[in-house]
Amino acid sequence: MKIIVPVKRVIDYNVKPRVKADGTGVDLANVKMSMNPFDEIAIEEAIRLKEKGVATEVVVVSIGPAKAQDTLRTALAMGADRAILIETDEAVEPLGVAKLLTKVAEEEQPGLVILGKQAIDDDSNQTGQMLAALLGWAQGTFASKVEVEGDSVNVTREVDGGLETVRLTLPAIVTADLRLNEPRYASLPNIMKAKAKPLAKKTPADFGVDIAPRLETIKVAEPPQRQAGVKVGSVDELVEKLKALGVSA
Amino acid sequence: MKTLVWVEHEGGELKDATLNAVTAAAKLGEVHLIVAGSTIGGVADAATKIAGVGKVHVADDAAYDHALAENVAPLIVDLMGHHDAFLAPATTTGKNIAPRVAALLDVMQISDILSVEGADTFTRPIYAGNAIATVKTKDAKLVITVRGTAFEKAAAEGGAGVIEAVSSTGDKAISSFVGAEIAESERPELTSAKIIVSGGRALKDAETFEQVIFPLADKLGAAIGASRAAVDAGYVPNDFQVGQTGKIVAPEVYIAVGISGAIQHLAGMKDSKTIIAINKDEDAPIFQVADIGLVGDLYTVVPELLEKL
């Protein structure tokens, strides 16, 4: 079984994003970029399935600028077998990404597509579900456990009240939540080896898909800031303040 | 504009998150609802009583139990033939279903809206709430998920909705529900609690967390939350987690005990009305957002608080 893992190059999760003064977006110039953390978890899961003998090949795909090659090389260094870059400098929305990935899935015929549950830049949390819809496949979102059994996969999902398990017919879509696994670091020898792994380059036009954005960003602003309040010196003072708020036993 | 709101329900009870989504929908136009599942008569009746609702579409079929997206999405797509907007609460259920509906309708979803600025314009958080984007859609139909904490709840009583049965789109037979581990608790639910007592890594272990945080929460009738650090360290299960990757909460009073205030955590609770922080490190970032702070050792402060409240 082949597994496809789409990955996105995003602002590093340790960097605090700064809104541009003109309100057109977030400043990405000279900012450290990394692989979306949820996508790292998705790759780790795919590689583990390969190590268990469930999967035979892990193909990573990124839609983005030429620099997204770095992200794909990171994925190859972790253990993916080959990569596809669909190069574009335009920002592609989840719907457009899902349409491109649909074409890739039709060509590659994977048994599973594992994605991060959301990208930490636009926080949309849509691509996996949209891809499942367009392919007519089942979806196991926010996964904390993935078990392939014959022609189906059991996915344990992190839901608001706790955990829920669903059984999906393969091929299927899985989106990774934080607790699915802890991604490995690529070793230096593997980083060197990754340079020789195949990386195919395509463009959105190769797939004949309309990826024109549907949403127009009118402005991007800083969220309202909270002001620090007062510090109290004792539990008695705190109790008094709490009682004033109507908080008491 | 005719809107269709997803009614979230569990164990025969309508979930509160539905009420916040109704408020958002009412800003766009007429509010109609969809209730799907089996043995949902009680939920459908409760739905008709929500203030301001029109039709309550009821799809009675076990294929819709557990809100399997594969089965629910085609039902909603059918109903969207005569509605202009679909809104779901931004819960794990809503987030699972809505994008599937959007893709089937060839619509770009607007996730997690914070406000309705116009019939096609909304604000939503990006970069974990570090920026707020105002977006305008070009799509003819809208698919939206609603951040509950950003909208008041519609009144659960006083409405006069009319039930209308809709035919089932059936079981697509590509997914099935296996089981769930849902935490049973007498305490209020995190996302709708008026008071939340939350603990962080400083609680040391599961036993200490239970000994320190639980009695304070119970004395105040509060829900219990935790930082990601506390969840990852195994003090409490993941459904307690408040933050960017956990639950987004906005209670009247949020009491953070031994939580340093990582950006990740603040993203999930900074819209609380009053934030109270107890931490022994006076430079902890939590104090920058707290309305009332007490610098002190939680192991002496919390027991004293428990005694004096």
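Scan the strands (runs of 3 or more DSSP E) fully inside segment B:149-228 and keep the ones with 3 or more residues being β-branched (V, I, T) and modelled with pLDDT of 95 or more.
Once the strands (runs of 3 or more DSSP E) in segment B:149-228 are filtered for at least 3 residues that are β-branched (V, I, T) and modelled with pLDDT of 95 or more, what remains is B:195-199.
Under 8 Å by Cβ, and 6 or more places apart or on different chains, what pairs join a residue from segment B:263-289 that is in contact (Cβ under 8 Å) with a residue 60 or more places away in the chain with one that is of a type in the set (D, E) and in a loop (DSSP other than H, G, I, E, B)?
B:S272/B:E252; B:K280/B:D297
If we scan segment B:119-128, do we find a residue that is touching a residue at least 40 places away in the same chain (Cβ under 8 Å), assigned to a helix (DSSP H, G or I), farther than 30 Å from A:N154 by Cβ and within 9 Å of chain A (Cβ to nearest Cβ)?
yes
For segment A:158-179, how many residues are part of a strand (DSSP E or B) and either modelled with pLDDT of 95 or more or among the polar types (S, T, N, Q) (or both)?
The total comes to 11.
Going by what's in this entry, would A:A200 be described as surrounded by fewer than 16 Cβ atoms within 10 Å (Cβ to Cβ), among the aliphatic types (A, V, I, L, M) and either within 13 Å of chain B (Cβ to nearest Cβ) or under 30 Å from B:I292 (Cβ atoms) (or both)? Even if it seems obvious, please write down each step before you answer.
Details: surrounded by fewer than 16 Cβ atoms within 10 Å (Cβ to Cβ): yes; among the aliphatic types (A, V, I, L, M): yes; either within 13 Å of chain B (Cβ to nearest Cβ) or under 30 Å from B:I292 (Cβ atoms) (or both): no.
Spelling it out, it is not the case that A:A200 is surrounded by fewer than 16 Cβ atoms within 10 Å (Cβ to Cβ), among the aliphatic types (A, V, I, L, M) and either within 13 Å of chain B (Cβ to nearest Cβ) or under 30 Å from B:I292 (Cβ atoms) (or both).
Being polar (S, T, N, Q) and in a loop (DSSP other than H, G, I, E, B) is the filter; apply it to segment A:180-217 and report the residue that is farthest from B:D120 (Cα to Cα).
Ranking the qualifying residues of segment A:180-217, first place goes to A:S187.
How many of the residues making up segment A:123-145 are surrounded by fewer than 24 Cβ atoms within 10 Å (Cβ to Cβ) and either more than 12 Å from chain B (Cβ to nearest Cβ) or not polar (S, T, N, Q) (or both)?
6
Given the residues A:E44, A:E40, A:E57, which is the only one that is open to solvent by less than 10 Å² (accessible area, probe 1.4 Å), closer than 21 Å to A:G128 by Cβ and of a type in the set (D, E)?
Residue meeting the stated conditions: A:E44.
With the requirement that a residue be at pLDDT below 95, open to solvent by less than 40 Å² (accessible area, probe 1.4 Å) and within 7 Å of chain B (Cβ to nearest Cβ), what does segment A:203-228 give you?
A:P223
Would it be correct to say that B:E252 is within 21 Å of the chain's Cα centre (by Cα), on the phi < 0 side of the Ramachandran plot and surrounded by fewer than 19 Cβ atoms within 10 Å (Cβ to Cβ)? Quick ask: steps written out before the conclusion?
Details: within 21 Å of the chain's Cα centre (by Cα): yes; on the phi < 0 side of the Ramachandran plot: yes; surrounded by fewer than 19 Cβ atoms within 10 Å (Cβ to Cβ): yes.
Yes.
If only one of A:A98, A:A143, A:A105, A:A133 is in contact with an Asp or Glu (Cβ under 8 Å, 6 or more places away or on another chain), modelled with pLDDT of 95 or more and not charged (D, E, K, R), which one is it?
Details: A:A98 fails: in contact with an Asp or Glu (Cβ under 8 Å, 6 or more places away or on another chain); A:A105 fails: in contact with an Asp or Glu (Cβ under 8 Å, 6 or more places away or on another chain); A:A133 fails: in contact with an Asp or Glu (Cβ under 8 Å, 6 or more places away or on another chain).
Result: A:A143 is the single residue among A:A98, A:A143, A:A105, A:A133 that is in contact with an Asp or Glu (Cβ under 8 Å, 6 or more places away or on another chain), modelled with pLDDT of 95 or more and not charged (D, E, K, R).
From the list B:A102, B:A73, exactly one residue is assigned to a helix (DSSP H, G or I), free of Cβ contacts under 8 Å to residues at least 60 places away in the same chain and touching a Lys or Arg at 6+ places or on another chain (Cβ under 8 Å). Which is it?
Working: B:A102 fails: touching a Lys or Arg at 6+ places or on another chain (Cβ under 8 Å).
Exactly one residue qualifies, and that residue is B:A73.
The values are calculated or read from the model by the stated rules, or taken from the named source; none is laboratory data. No experiment lies behind these values; they were computed from the predicted model shown. For neighbour counting, all protein chains shown are included, and Cβ atoms are generated from backbone atoms with ideal geometry for every residue, glycine included. Side chains included, ligands, DNA and RNA excluded: accessible areas come from the protein's heavy atoms. Shrake-Rupley method; radii C 1.70, N 1.55, O 1.52, S 1.80 Å.
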